[in-house]
Amino acid sequence: LIIFFLLELVLVIFVFVFYFVDGAFANIGLYPEDGFMDAIKKYRDDPDMQDFIDNIQKMLSCCGASNDDNGYKDWNNNRYFNCSGKSPDACTVPYSCCKISSGSNLNYRCGANMLSDTSDLSAINTEGCLKGLQNLIMTTFGLLEDL
């Protein structure tokens, strides 16, 4: 019981710092958005990084790195996904950004042309993963508060 209480206390402090104190991570030298953006840039170049990002995006139902509702636009920073590129993936987002209904088949091309200005974004998660993480923490924090 004491261990559970200590874990809850650490989580409360983390949530407070992450959510309520603007620039707290920058003040201690942590830049989670910069680290995630670097991972996005290396997405096709490093298979381990690709798996890592795909797992995070699927787990958090998010797309990209940002702490806002337009995180999917972060994929413009990847040379393969950028709309000005010549890659077959140009102007797309990875399949892990796609919304998948339970029981439906995975469409690996559902993110095609999602970075163009005229696309219908209803097939993908648009929220950035840092915002998704923030929402998960706040949801978990709310559940722990009820205990």
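The values are calculated or read from the model by the stated rules, or taken from the named source; none is laboratory data. In this text the structure is predicted, and so the values were computed from the model without any measurement. Don't worry about glycine lacking a Cβ; one is built from the backbone with ideal geometry, like all the others, and counts go over all protein chains shown. SASA here: full protein model, heavy atoms, side chains in, ligands and nucleic acids out. Shrake-Rupley method; radii C 1.70, N 1.55, O 1.52, S 1.80 Å.
Worth a mention:
- Residues (surrounded by 15 or more Cβ atoms within 10 Å (Cβ to Cβ), part of a helix (DSSP H, G or I) and within 11 Å of the chain's Cα centre (by Cα)) located in the stretch 53-74: 53, 54, 56, 57, 58, 60, 71, 72, 74
- Check on residue 117, open to solvent by less than 20 Å² (accessible area, probe 1.4 Å), out of contact with any Gly (no Cβ under 9 Å at 6 or more places or on another chain) and either over 23 Å from residue 138 (Cβ atoms) or of a type in the set (Phe, Trp, Tyr) (or both): no
- Test: residue in the stretch 124-144 that is surrounded by 14 or more Cβ atoms within 10 Å (Cβ to Cβ), in a loop (DSSP other than H, G, I, E, B) and free of Cβ contacts under 8 Å to residues at least 60 places away in the same chain: no
- Filter result for residue 78 (surrounded by 16 or more Cβ atoms within 10 Å (Cβ to Cβ), among the polar types (S, T, N, Q) and in contact with an Asp or Glu (Cβ under 9 Å, 6 or more places away or on another chain)): yes
- Where residue 27 falls short, out of the listed (1) at pLDDT 90 or above; (2) over 16 Å from residue 127 (Cβ atoms); (3) of a type in the set (S, T, N, Q): (1)
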